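Working notes, beginning with the structure itself.
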């Protein structure tokens with residue numbers, strides 16, 4: 001039999017020991033759990049970035065894994081602390097601020113939800129500023145060790161769980177009107193589009209990308225499957241490892257080249273169009 | 001039965017493989033041990049920061065954990081390498097430069113101490129510059145796997161173990177005279193005070209913070225329990241997650257706002273006083 | 001019995017969840033494996049730095065460990081994905097671009113090699129840009145769980161595996177003509193020399209280091225065994241923890257002081273010579 005798995009995602013950084021202390025709390029609460037760090041360098045308070053990283057990662061873990069995620073600008077205020085059970089069997093633990101919602105949707109939706117703010121598993125006294133240690137980690141440990149959701153908190157209506165507004169690309173004739181969804185550390189620009197929305201570009205010899213926010217002409221971008229297909233410094237429209245359309249610069253930063261940030265609109269079209 | 005736990009704290013950084021190699025040495029010396037990284041981004045050679053991180057973290061681990069910590073500017077010189085057993089059952093392994101002392105004090109004090117510089121568990125030849133790998137990691141593994149302190153080195157007088165001088169806040173009438181003890185990555189400023197020393201501020205509508213080193217008037221600071229209680233950009237005196245008085249700026253850096261570093265004196269008082 | 005060990009080395013960084021996802025793939029493929037991160041902050045695309053870190057680290061792990069390493073600027077192009085079994089029993093998994101070669105040489109050379117680009121263990125569809133997740137991690141898991149090399153890919157000629165050109169220092173009379181092999185995060189400058197090549201410097205009271213690329217006189221450097229032997233700011237020629245000659249500045253950066261980068265030639269000689 002294999003150990004229960006807990007994934008762990010935060011904006012805590014690695015400098016001050018916050019992550020290690022949560023590992024310690026889990027090791028005491030569920031010694032047989034294996035904790036896998038998905039990342040602790042989410043930009044501080046960036047719920048959107050944390051939610052996307054979580055949603056993109058969960059399919060590579062056991063279906064019954066517990067996903068512990070904390071990006072929590074509202075810690076100590078009225079926001080709820082929650083645990084979720086989903087249709088696929090995955091469990092989620094974190095603040096009720098939208099962080100968990102896209103991943104839970106991808107796991108078949110929320111089947112059951114609990115308010116864990118006063119969980120019997122919380123470490124007491126519960127601090128005002130470190131619920132990762134005092135509330136979320138011990139509840140994640142309890143779930144990993146087999147406790148049902150009903151043991152770790154008070155049931156709440158799944159429909160009351162905070163959603164996260166995500167943009168969605170649309171096709172407007174030959175033009176894909178998309179938005180920047182995520183920029184990774186290499187500057188690759190992930191769009192909020194589906195692979196099917198760029199399929200028709202497959203036969204187009206030359207594409208262009210433009211933005212109403214720019215005061216410059218469209219930039220040329222080539223369709224392809226991997227970075228090496230374009231010269232160093234050239235723009236590439238490709239399907240990234242999350243199977244989403246994305247724009248890269250071979251050995252460079254597409255985000256810098258395009259001058260864009262998360263949420264910005266981009267229009268992609270066969271060259272010659274706007 | 002749960003695995004023995006070794007916590008691991010250094011200033012090695014994560015770039016050059018030093019941490020991973022120590023994990024490898026431990027995995028060979030005590031395969032059943034679980035190693036939990038508390039942090040490897042202690043500022044280089046900052047014994048004070050390492051000692052405080054260690055002291056603040058240990059209570060969240062099993063009472064009989066082994067705490068391996070290496071911030072070691074004197075590696076290869078005359079400083080001793082030591083292992084400690086404490087009243088609470090926790091063991092510590094690291095250089096004898098004060099790094100381990102505050103945490104050992106918090107674990108009931110040093111019950112037994114050993115010089116491990118020539119430990120039979122050390123990897124030989126012992127390098128001059130990487131005792132983490134050659135001395136400290138293998139000794140921590142041996143302790144985690146059940147070896148008594150007397151097996152890993154030569155007994156030394158617990159009273160001979162290097163202490164670490166820590167400042168302590170004092171109350172001077174209505175004024176708390178404190179020092180900056182730790183600044184975390186968000187710029188939150190932890191004071192060297194006890195929660196009881198700021199209790200009387202609970203009823204004071206407005207506080208101020210000042211420093212003899214400043215050539216500006218006192219700054220206003222509000223007492224509260226969490227960041228969200230003050231406006232973005234305002235100063236807050238709160239009890240941090242280590243239950244110590246600290247000063248934060250909501251969504252900002254208190255260290256920058258106050259212009260202070262570790263060790264600087266701050267005076268906190270009801271508004272209108274100095 | 002102890003768990004099989006997989007070491008893991010990449011240039012993925014820790015920000016975007018790539019490393020955590022690979023851990024998840026391994027946990028599913030071989031739940032009993034213990035994954036030890038050697039480092040994920042190899043400079044992007046720096047095969048040379050990755051190869052040296054790997055070679056320097058492997059001796060501290062079990063002889064039959066699986067070493068998974070991914071620094072892969074050619075991902076998605078024609079370069080092969082490979083798995084290697086070596087004379088010592090160590091296995092290696094990664095791209096066929098020279099990254100694995102120096103470490104495999106240090107493990108008794110390549111005994112067996114396989115092309116794993118179309119491995120039955122690969123996750124399908126195989127993405128064009130993330131072979132760490134889709135090819136290398138699942139193959140490493142299969143090997144750790146006992147699969148022979150013949151199960152994970154198609155046999156290839158060991159002699160066809162890409163080598164990595166590494167410079168080598170030479171003695172020219174009293175002068176050591178060496179090159180910068182690696183610069184660690186502290187700025188310590190490792191040379192491409194063997195300890196035996198600097199032995200004769202042991203009795204020399206004063207050394208100097210120079211470079212044809214400099215337009216300044218030689219710098220004085222003292223031989224010693226550890227940083228504390230020279231004053232803060234002075235240059236030291238010492239044997240580093242990998243038992244290689246290296247140059248450090250006590251409490252400073254030798255790379256900055258010398259103004260050198262990887263590959264640069266340095267000449268070390270008794271003072272007064274060139």
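Just so it is clear, none of the values below were taken in a lab; they were calculated from the coordinates. Note that the structure is predicted; figures quoted are calculated from it, not measured. As a convention, Cβ positions derive from the backbone with ideal geometry for all residues, glycine included, and neighbour counts pool all protein chains shown.
Volume per residue, Å³, of the convex hull around the alpha-carbon atoms of the range C:96-141?
Numbers: hull volume 3.9 nm³, N = 46.
So the per-residue Cα hull volume is 85 Å³.
What gaps in nm, shortest first, separate residue A:89 from its twins in the other copies when you place the label 7 Å past Cα toward the beta carbon?
The projected label point of residue A:89 is separated from its counterparts by 3.5, 3.6 nm.
Report Rg (one decimal) and Dmax (nearest whole number) for the range C:50-99, counting Cα atoms only, units Å.
Cα only, the range C:50-99: 11.3, 33 Å (Rg, Dmax).
Report, in cubic angstrom per residue, the convex hull volume of the C-alpha atoms of the range A:84-175.
On the way: hull volume 10.8 nm³, N = 92.
Once divided by residue count, the hull of the range A:84-175 is 117 Å³.
In what order do C:110, A:6 fall by count of nearby beta-carbon atoms within 10 Å, going from fewest to most? Don't skip to the answer; put the middle values down first.
On the way: C:110 21, A:6 26.
With the sparsest Cβ surroundings first, the list reads C:110, A:6.
So how compact is the range A:225-274: Cα radius of gyration and Dmax in angstrom?
That works out to 11.3, 30 Å for Rg and Dmax.
Compute the distribution of all C-alpha to C-alpha distances in the range B:3-48, in bins of 10 Å from 0, and list the percent of pairs in each, rounded to whole numbers.
27, 49, 22, 1
With an 8 Å Cα cut-off and a minimum separation of 6 or more residues, compute the relative contact order for the range A:38-178 in percent. Walk me through the numbers on the way to the answer.
Details: 254 pairs, mean separation 32.6, N = 141.
Result for the range A:38-178 is 23 percent.
Taking the Cα atoms of the range C:24-69, report the difference between the largest and smallest coordinate on each principal axis, in whole Å and largest first.
31, 23, 11
To two decimal places, what compactness ratio does the range B:110-241 give when its Cα radius of gyration is scaled by 2.2 N^0.38 Å?
Compared with the compact-globule rule of thumb, the range B:110-241 sits at 1.63.
Just the number, please: Stokes-Einstein D of the range B:71-129 in µm²/s, Kirkwood Rh from C-alpha pairs, 4 °C, 1.567 mPa s.
Details: Rh = 12.1 Å.
The estimated diffusion coefficient comes to 107 µm²/s.
Name the chain A residue nearest the rotation axis between A and B, going by Cβ position, and give the distance in whole Å.
A:14, 4
What are the label-to-label distances in nm, one decimal and shortest first, from residue B:31 to the same spot in the other copies, with labels 7 Å along Cα to Cβ?
Residue B:31 label point versus its equivalents elsewhere: 1.9, 1.9 nm.
Just the number, please: Stokes-Einstein D of the protein assembly as shown in µm²/s, Kirkwood Rh from C-alpha pairs, 4 °C, 1.567 mPa s. Let's see the in-between values first.
Working: Rh = 28.7 Å.
The Stokes-Einstein estimate is 45 µm²/s.
Write down Rg/Rh for the range B:140-203, rounded to two decimals, with Rg from the C-alpha atoms and Rh from the Kirkwood relation over Cα pairs.
Values: Rg = 19.7 Å, Rh = 15.9 Å.
Rg/Rh for the range B:140-203 comes to 1.24.
Counting alpha carbon pairs within less than 8 Å and at least 6 residues apart, what relative contact order, in whole percent, applies to the range C:186-254? Let's see the in-between values first.
Details: 122 pairs, mean separation 26.5, N = 69.
Normalised by residue count, the contact order of the range C:186-254 is 38 percent.
Can you put B:23, A:45 in order, fewest other beta carbons within 10 Å first?
Working: B:23 24, A:45 15.
Ordered by Cβ neighbours within 10 Å, fewest first: A:45, B:23.
Pull out a ≥ b ≥ c, the square roots of the eigenvalues of the alpha-carbon gyration tensor of the range A:164-274, then state rounded if a/c is under 1.5, prolate if not and a/b is larger than b/c, and oblate in the remaining case. All intermediate terms of the calculation are to be shown ahead of the outcome.
Working: a/c = 1.17, a/b = 1.05, b/c = 1.11.
Because its axes are fairly even, with a/c under 1.5, the range A:164-274 counts as rounded.
What is the order of C:18, B:201, C:92, fewest Cβ neighbours within 10 Å to most?
B:201, C:18, C:92
For residue B:118, go 7 angstrom from Cα along the Cα-to-Cβ vector, then report the distances to that same point in the other copies in nm, smallest first.
Copy-to-copy label distances for residue B:118: 6.3, 6.3 nm.
Suppose R0 equals 51 Å; then what is the FRET efficiency for residue B:204 and residue A:200 from their Cβ-Cβ distance, rounded to the nearest 0.05? Provide the component values of the computation, followed by the final result.
Details: r = 67 Å, r/R0 = 1.32.
With a Förster radius of 51 Å, E is 0.15.
Cα atoms only: what Rg and Dmax, in Å, come out for the range A:201-252?
11.3, 32
Rounded to the nearest 5, what is the percent of antiparallel bridges among the DSSP beta bridges in chain B? Display every interim value, and only then the final one.
On the way: 38 of 53 bridges.
Rounded to the nearest five, the antiparallel share is 70 percent.
What share of Cα pairs, in percent, lie more than 24 angstrom apart in the range C:1-146? Present the calculation step by step, with values, prior to reporting the outcome.
Values: 2076 of 10585 pairs.
Considering the range C:1-146, 20 percent of its Cα-Cα pairs are separated by more than 24 Å.
Using 0.36 nm times the number of residues separating residue B:77 and residue B:32, minus their current alpha carbon distance, what extension gain do you get? Walk me through the numbers before you get to the answer.
On the way: separation 45, 0.36 × 45 = 16.20 nm, distance 3.30 nm.
Net length gain for the segment: 12.9 nm.
Normalise the Debye intensity by I(0) for chain C, one equal point scatterer per Cα, no solvent, then take log10 at q = 0.11, 0.16 Å⁻¹ and round to two decimals.
One equal scatterer on each Cα of chain C leads to -0.67, -1.09.
Please state the relative contact order of chain B as a whole percent: Cα pairs under 8 Å, 6+ residues apart? Mind showing how you got there, number by number?
Values: 600 pairs, mean separation 40.7, N = 274.
15 percent.
Label residue A:213 and residue C:253 with points 7 Å out from Cα along Cα→Cβ: what is the distance between them in nm?
3.3 nm
Looking at the P(r) of the range C:8-92, how many percent of alpha-carbon pairs lie beyond 15 Å?
On the way: 2226 of 3570 pairs.
When every Cα pair of the range C:8-92 is considered, 62 percent fall beyond 15 Å.
Given the protein assembly as shown, what percent of its DSSP beta bridges are antiparallel, to the nearest 5? Could the numbers behind the result be given before it?
On the way: 114 of 159 bridges.
Roughly 70 percent of the DSSP beta bridges within the protein assembly as shown come out antiparallel.
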